[in-house]
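Nothing in this text is a laboratory measurement; each read-out follows from the coordinates by a stated rule. Only a predicted model underlies this, so the values are computations on that prediction, with no experimental measurement involved. When we count neighbours, we look across all protein chains shown, and the Cβ atoms used for this are built from the backbone with ideal geometry, even at glycine.
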Amino acid sequence: MLSESFDQIVHHRRSNRRFDPNFIVADEIIERSLQRAILSPNSSNMQLWEFHWIKDPVIKQRFHELCLGQSAAKDPGHLIVFVTRQDLWSKRAKWNLERIKENIQGEPNKMEKRGIQYYSKLMPLIYRGDIFGINTLIRKSICFWMGLRKPFMRFGGKADQRVMVHKSCALAAQTFMLSISAEGLESCPMEGFDTKRVIKELNLPSGAEISMIISVGKGTEEGVWGKRFRVPFEEVVVKHG
């Protein structure tokens with residue numbers, strides 16, 4: 001059953017912090033897993049992410065230092081840096097708009113018209129910024145006044161934008177790790193790294209941010225730090241009705 005297969009994948013996935021340095025992880029496994037990650041759900045299909053695949057031994061060695069000497073970054077087969085690209089919002093909105101328009105035959109239907117408005121009007125309203133904060137003020141004003149009359153998405157400044165793109169990128173990272181687990185290998189997501197130096201190492205623009213770095217390899221027994229335990233189900237799941 002699919003459910004049983006997925007259950008095995010989830011239970012197999014553990015953060016493994018020590019990899020077998022002699023095991024070679026095939027590029028095909030990483031590519032398949034990244035292709036699956038690209039299929040992850042994300043806000044408005046804007047796909048404001050990049051996945052930087054690091055397999056060069058010299059660069060991996062530098063990243064061991066950038067990841068503050070963590071054991072999970074010492075001998076990985078591959079490293080994947082999950083990057084948010086909020087700065088690409090205009091390009092990705094245009095890309096979505098083009099996909100809609102190229103599939104229109106004759107007069108656009110109601111759904112197609114909504115899609116055109118969505119990416120040509122709403123996305124600029126949500127993401128556009130300026131040095132004086134005028135667009136932020138406009139967004140907050142709209143949210144305030146519209147929210148007085150009905151439920152409305154409270155969306156204003158850069159913090160809201162950052163949260164949104166990082167959520168989408170994290171969904172892709174989880175898909176990637178589950179794929180690695182399905183391939184019978186191990187991974188470890190890392191948050192401990194020097195953000196500024198990682199951005200410089202990858203030659204990223206100022207609008208890019210690092211969501212997380214994931215190491216991949218053949219995990220070892222000592223790489224799993226004890227039995228997995230979680231807060232009880234009853235404490236974290238709140239039922240309504």
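Hey, what do the phi angles of region 227-240 turn into as Karplus ³J(HN,Hα) couplings, whole Hz, using 6.51/-1.76/1.60 and θ = phi - 60°, x for Gly and Pro?
5, 6, 9, 9, 4, x, 3, 5, 8, 9, 9, 10, 8, 10
Suppose every Lys and Arg Cβ carries +1 and every Asp and Glu Cβ carries -1, with no other charges. What dipole size does region 90-161 come out with about its Cα centre, to the nearest 20 debye?
Using Cβ point charges on Lys, Arg, Asp and Glu, region 90-161 gives about 200 debye.
When the Debye formula is applied to the Cα atoms of the chain, each taken as the same point scatterer, what base-10 log of I(q)/I(0) results at q = 0.11, 0.13, 0.15 Å⁻¹?
-0.74, -0.95, -1.12
Who wins for biggest fluctuation among LEU79, LEU125, LEU34 in a Gaussian network model of the chain, springs between alpha carbons below 10 Å?
LEU125
Tell me, what HN-Hα J-couplings in whole Hz come from the Karplus equation 6.51 cos²θ - 1.76 cosθ + 1.60 at θ = phi - 60° for each residue of region 78-89, using x for Gly and Pro?
After applying 6.51 cos²θ - 1.76 cosθ + 1.60, I find 8, 10, 10, 9, 8, 10, 8, 10, 4, 5, 8, 4 Hz.
Could you order peptides 210-223, 155-168 by the average number of other Cβ atoms within 10 Å of their residues, highest first?
Answer by packing, highest mean first, reads 210-223, 155-168.
Tell me, what HN-Hα J-couplings in whole Hz come from the Karplus equation 6.51 cos²θ - 1.76 cosθ + 1.60 at θ = phi - 60° for each residue of region 130-146, using x for Gly and Pro?
7, 5, 8, x, 5, 5, 5, 4, 4, 4, 5, 5, 4, 4, 5, 6, 5
Return the percentage of antiparallel bridges among DSSP beta bridges fully within the chain, rounded to the nearest 5 %.
Of all bridge pairs located within the chain, approximately 95 percent are antiparallel.
When the chain is treated as a GNM, springs tying every alpha-carbon pair under 10 Å, which of PHE132, PHE23, PHE63 comes out with the largest mean-square fluctuation?
Looking only at PHE132, PHE23, PHE63, the largest GNM fluctuation is found for PHE132.
For the chain, what is the calculated [θ] at 222 nm in deg cm²/dmol (nearest 500), taking -39500 (n - 2.57) for each run of four or more DSSP H residues and dividing by its residue count?
Roughly -14000 deg cm²/dmol at 222 nm, from the helical runs in the chain.
Compute the Rg to Rh ratio over region 89-159 from the alpha carbon atoms, using the Kirkwood formula for Rh, and round to two decimal places.
1.07
Beyond 18 Å, what percent of the Cα pairs of region 120-241 remain?
So the portion of pairs separated by more than 18 Å is 72 percent.
Looking at LEU79, TRP89, PRO41, which one has the Cα that reaches farthest to the positive end of the dipole of region 1-110 (charges on Cβ: Lys, Arg +1; Asp, Glu -1)?
TRP89
Using 15 Å as the cut-off for backbone N distance, which residues of region 190-231 belong to the label zone defined by a point 7 Å from the Cα of ASP56 along Cα→Cβ?
The answer is 198-204, whose backbone nitrogens lie closer than 15 Å to the label point.
Which listed residue (ILE116, ILE142, ILE131) has the Cα farthest towards the positive end of the charge dipole for region 76-157, taking +1 on Lys and Arg C-beta and -1 on Asp and Glu C-beta about the Cα centre?
ILE142
By counting other Cβ atoms within 10 Å of each Cβ, how are LEU122, LEU88, LEU171, LEU48 ranked from fewest to most?
Result, fewest neighbours first: LEU122, LEU171, LEU88, LEU48.
So, in nm, how far is label PHE233 from label ARG162 when the simple model puts each one 7 Å beyond its Cα toward the Cβ?
3.7 nm
About the Cα centre, and with charges only on the beta carbon of Lys, Arg (+1) and Asp, Glu (-1), how big is the dipole of the chain? Nearest 20 debye, please.
1220 debye
Enumerate the amide H contacts of MET212 below 5 Å, restricted to partners 5 or more residues apart or on another chain; note that Pro and chain-start residues carry no placed amide H.
PHE82
Given region 1-126 reduced to its alpha-carbon atoms as identical point scatterers, what log10 I(q)/I(0) does the Debye formula return at q = 0.15, 0.17, 0.19 Å⁻¹?
Debye output, listed in q order: -0.90, -0.99, -1.09.
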